[in-house]
Amino acid sequence: MTETRPLGPDELGISIAPLGVGAWPWGSTWYWGYGKSYGEDDVRGAFRASLDAGVTLFDTAEVYGRGKSERILGKMAGELKEPPHSSPPPQGGRGFGRPFVATKYMPYPWRWRAGDVPRALRASLRRLGLERVDLYQIHWPVVPARPRLGQWMEGLVRAHGEGLVGSVGVSNFDAELTRRAHEILSRAGIPLASNQLPYSLLDRHIEHEGLLDACRELGVTVIAYSPIAEGLLTGKYTPDDRPAGYRGWRLRKKVVQVQPIVAALREIGERHEGKTPSQVALRWLIQKGSLPIPGAKTAQQASDNAGALGWSLTDEEMAVLDGVSA
């Protein structure tokens, strides 16, 4: 049986696998190389493999590939209504479940009023081919965020009231903004389900800043993006073999810093029937109480990510990873 846990407070009644898929690479040519090193058929394989493993949360955004990620996800989801005979579930698989679709609204400086939120959501719904999304999130608290927070939350309340969303969340909000967003939404009778944040063994700032504790206190699920540090925690890259293009240049220092962590991930993985470094890194996040959303460009990557489910790290192993990543 697939491992599950609540998303947001219990009153929402949402239970999904504690792992999702980040769809930023789906349609992103400049940064990720979509259309060059992988394409639509590869992404379709990742989508189907994720669902068959019980991983149903797919997170996208209107800005990913300028809407292309939403279109690709919508097309893949639409195909499930009549699954192609040429693509049956793997033997022994559980079959395709319903995708839990999450997308995000970017409050640009010229588009931050309450009415802009449901308007942008309707555009996202057209690209996705859906009547509503399961989770709608404010993508970034653009500066100055604090005087505009009330407008953004009012926009989420309107979208919820119109039946366009099942639940609402935020992304990249600090502890103060998270508390304020939670308070405003609570007055409207709407729970704050999630806060999507960068969180990995290479980036633990949300622990040190009290943000993780604040989310736990409020019953807000931390959706961890970049959970394997854009591939650095897979063990694939070394200082002499970095990712291609701009991504490799941007990560040139981190690829050095990550090597001791990767070594610890490999050692621990060997104790658990050969789990990969990325599976151990994702498992660490799951046991920290977060819901990681690694990217998956292919069926193989999606299957590898799903290998983080259904087993546990010991307290000692968690402590080792805490120490080496400190």
Spacing of the two label points (7 Å from each Cα toward its C-beta) at Arg126 and Ala319, in nm: 5.7
Amide H contacts under 5 Å for Ile223, placed H, 5+ residues apart: Asn195, Gln196, Leu197, Leu291
Percent of C-alpha pairs per 5 Å bin, segment 91-185, short to long: 3, 13, 26, 23, 15, 8, 5, 3, 2, 1, 0
Cβ-Cβ FRET estimate between Lys236 and Glu209, R0 fixed at 22 Å, reported to 0.05: 0.15
Percent antiparallel among DSSP beta bridges (both partners in the chain, rounded to 5): 10
Kirkwood Rh in Å, taken over all unlike Cα pairs in the chain: 20.1
Dimensions in Å of segment 193-233 - Rg and Dmax from alpha carbons: 10.4, 31
Spatial extent of segment 135-253: Rg and Dmax, with the Cα atoms as the point set, Å: 16.9, 54
Where the chain is the region considered: accessible area per residue in Å², 1.4 Å probe: 44
Along the chain, longest interval not containing exposed trypsin sites (Lys or Arg not before Pro), exposed being DSSP loop plus at most 12 other Cβ atoms within 10 Å: 82-251
Average silhouette area of segment 182-326, convex hull of alpha-carbon atoms, in square nanometres: 10.1
Quotient of C-alpha Rg and 2.2 N^0.38 Å, computed over segment 1-46: 1.64
Whole-Å semi-axes of the ellipsoid equivalent to segment 202-278 (Cα gyration tensor, √5λ, descending): 26, 18, 10
Residues of segment 138-179 with amide N under 17 Å of a point placed 7 Å along Cα→Cβ from Thr4: 167
The chain: most fluctuating residue of Thr298, Thr314, Thr56 per GNM, C-alpha cutoff 10 Å: Thr314
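The values are calculated or read from the model by the stated rules, or taken from the named source; none is laboratory data. Being a predicted model, the structure only gives us computed values, none of them experimental. Positions of Cβ are backbone-derived with ideal geometry, glycine not excepted, and every protein chain shown enters the neighbour counts. The protein model used for the area step is the full one, side chains on, heavy atoms only, and it has no ligands, DNA or RNA in it. Shrake-Rupley method; radii C 1.70, N 1.55, O 1.52, S 1.80 Å.
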